[in-house]
Amino acid sequence: QTLQTNSRSRRRRKRVVVASIIALAAGCVAFLLALEYRPAWYVPTILTEAELQQGRMEAMRVVDHIGDQLVDRKPFEIVLSDDQLNIWLSGLEQIWPDAARRIPREMVEPFVAFEAGSLRTGARLESGGWRAIVSSDYGLELSTDKKHLIGRLNSARCGTVALPRFIVASLFKPYMRAEAVHGYTIDQLYEGLPLENRFVWPNGRRPFRIEELTIERGEIRFKIAPL
């Protein structure tokens, strides 16, 4: 009787151990799949050579238009679609090589999407043979007195997994040294990072400020005032 009881007990323990291992393995697989999940809105643009050339010409046209308007020193409006920006991002190395060099090599296929009042960004992270889709959601608005442009990080994810703040802090650390945000913390980025609403257009070193900012589904709209 005792031997049978011990035998049944061992079998139960063995079944529990096997079930636990299977559950752990299934949990790990589910977690990895969640990390590699590709959001439906993340659809990086793949350009043909003709589309790349057209995108480059369009980018130069927009740059020249902004420069000309700033020279005229009259308020003007700029509307950019996320489709337009994604074409430029896809061809960034050919269109703006200096800007492309500022993106970490591990981050490929950057993508943006505008929603009402918010900006989504996404990219594929590749490191050591491992890959995942990282994404973030930002709010962008002018302060009431229009002295500051306030950027706010609403969320950051890897696949479907929300990233804790300490991981976001480590990822953003290299970029928090930039002059515009130097001295600020990741907590302030979550709460709302105030940037002085005064910018300098690189072509001609023309100063300007943003008078109005509207983000709608598919586009962002600026009203610019030369200074």
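The values are calculated or read from the model by the stated rules, or taken from the named source; none is laboratory data. Remember, it's a predicted structure, so these values are computed and weren't measured experimentally. Here Cβ is always computed from backbone atoms with ideal geometry, including for glycine, and neighbour counts include all displayed protein chains. Accessible surface areas use protein heavy atoms only, side chains included; no ligands, DNA or RNA. Shrake-Rupley method; radii C 1.70, N 1.55, O 1.52, S 1.80 Å.
Scanning region 207-221 for residues that are touching a residue at least 60 places away in the same chain (Cβ under 8 Å) and under 20 Å from the mean Cα position of the chain (by Cα) returns L213, I215, E216, R217, G218, E219, I220, R221. Taking the criterion of being surrounded by fewer than 16 Cβ atoms within 10 Å (Cβ to Cβ), outside any strand (DSSP E or B) and either hydroxyl-bearing (S, T, Y) or under 22 Å from the mean Cα position of the chain (by Cα) (or both), the residues of region 191-206 that qualify are E191, G192. Only one of the numbered conditions (1) open to solvent by 40 Å² or more (accessible area, probe 1.4 Å); (2) at pLDDT below 60; (3) touching a Gly at 6+ places or on another chain (Cβ under 6 Å) is violated by E36, and that is (2).
Looking only at region 214-224, decide whether some residue is open to solvent by less than 30 Å² (accessible area, probe 1.4 Å), more than 16 Å from D145 (Cα to Cα), of a type outside the set (V, I, T) and out of contact with any Ser or Thr (no Cβ under 9 Å at 6 or more places or on another chain).
no
Okay, residues lined up against (1) open to solvent by less than 20 Å² (accessible area, probe 1.4 Å); (2) on the phi < 0 side of the Ramachandran plot; (3) part of a strand (DSSP E or B):
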{"residue": "R105", "(1), (2), (3)": "no, yes, no"}
{"residue": "F114", "(1), (2), (3)": "yes, yes, yes"}
{"residue": "L125", "(1), (2), (3)": "no, yes, yes"}
{"residue": "V134", "(1), (2), (3)": "no, yes, yes"}
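Taking first residues from region 161-172 that are at pLDDT 80 or above and open to solvent by less than 50 Å² (accessible area, probe 1.4 Å) and partners that are outside any helix (DSSP H, G or I) and not hydrophobic (A, V, I, L, M, F, W, C), the Cβ contacts under 7 Å between residues at least 6 apart in sequence or on separate chains come to L163/R157. Out of curiosity, is K146 out of contact with any Cys (no Cβ under 6 Å at 6 or more places or on another chain), outside any strand (DSSP E or B), at pLDDT 85 or above and surrounded by 14 or more Cβ atoms within 10 Å (Cβ to Cβ)? So K146 fits the description; yes.
Conditions (1) touching a Phe, Trp or Tyr at 6+ places or on another chain (Cβ under 8 Å); (2) closer than 20 Å to L189 by Cβ, marked per residue:
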position: V63; (1), (2): no, no
position: P110; (1), (2): no, yes
position: L125; (1), (2): no, yes
position: R131; (1), (2): no, no
position: R152; (1), (2): yes, yes
position: C158; (1), (2): no, yes
